[in-house]
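One structure is given below, encoded as C-alpha cells.
Each reported figure results from applying straightforward, stated rules to the coordinates on display, with no laboratory input. A quick note: this is a predicted structure, and the numbers were derived from the prediction, not measured. Here the Cβ positions follow ideal geometry from the backbone for every residue, glycine too, while neighbour counts run over all protein chains shown.
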Amino acid sequence: MNAITARNSAPWQTSSAGKQPAQAFEPEPQSAGQRSAIVTLLGVYIFLLSSRTLDISRVAVLHIPMILLGLLVIATLVKGDLKYALRSKITLWFLALNVWVCVCFPFSRWRGGSLPSVVNSLESFCVYFLIVQLVRTGKDWQRVARTYALGVLAAALLSMIFGQSVDGRVAVMAGSLADPNEFALRLVLGLPFW
C-alpha cells in the first residue's frame, strides 16, 4: 500500500530526508521601499496596458507604456538574480517559443506582415518575465491583480463614454479596444480579479 501512495502522491508531498518543498514566495533581500516602488511602477504599466486609457487621449504619441516598459526592464536588470524566473519550466518553454518565432521570422513569406506578430510575442514575453521576476510576495501579487482589475474597470467605463456599436457589439472608438472581440475578451479576463 505504501508503494501505491508514494507513486500517486505529488513530488512535494513525498517525505524525503534532504528535500524541502519549494516555497511559492521567497523572502526578498531588498529593502521594502525599493521593492514597493518597482511593483508600483509595474502596477501603473499593467493598468495602462489593461485599460488602454492612453489610446483615446492626446498623450498617446508620447508612448508612455513603452517608456515604462524600458524603465521596468532596467529595474529588473539592476535588481539582478535573473535565474529566479529562469528556474521555471514555463519560462523556459515560453522563451523557446519566442526564440522559435524570431528564428522563423526571416524565413517567412511575408516578413512585413509578420513583424507585428514578432513584436507582440517579444513584448508578451517581456511582460511575463517582468511580472515573474519583480513580484515576489503575496502582497505584491494582490497589488498587481488589483491594478489589472482596476484597468479592466477603467476600460469598461471608457466604453460607456467613448463606446460605439460595431455590428451590434460595443467597442471603444480608438486603439486596440476598437475591436469588439478583443474588448470583450479583455472584460471577460478581468472578471476573476474582482
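Peptide packing: for 77-87, 152-162, the average count of neighbouring Cβ atoms within 10 Å per residue gives the ranking 152-162, 77-87, highest mean first. Measuring from centroid to centroid over Cα atoms, what is the spacing of the stretch 167-194 and the stretch 43-122 in Å? So the two Cα centres are separated by 21 Å. The listed peptides 63-75, 110-122, ordered by packing as a protection proxy, come out as 63-75, 110-122 (highest mean of other Cβ atoms within 10 Å first).
Placing +1 on each Lys and Arg Cβ and -1 on each Asp and Glu Cβ, with no other charges, gives the stretch 87-194 a dipole about its Cα centre of roughly 420 debye.
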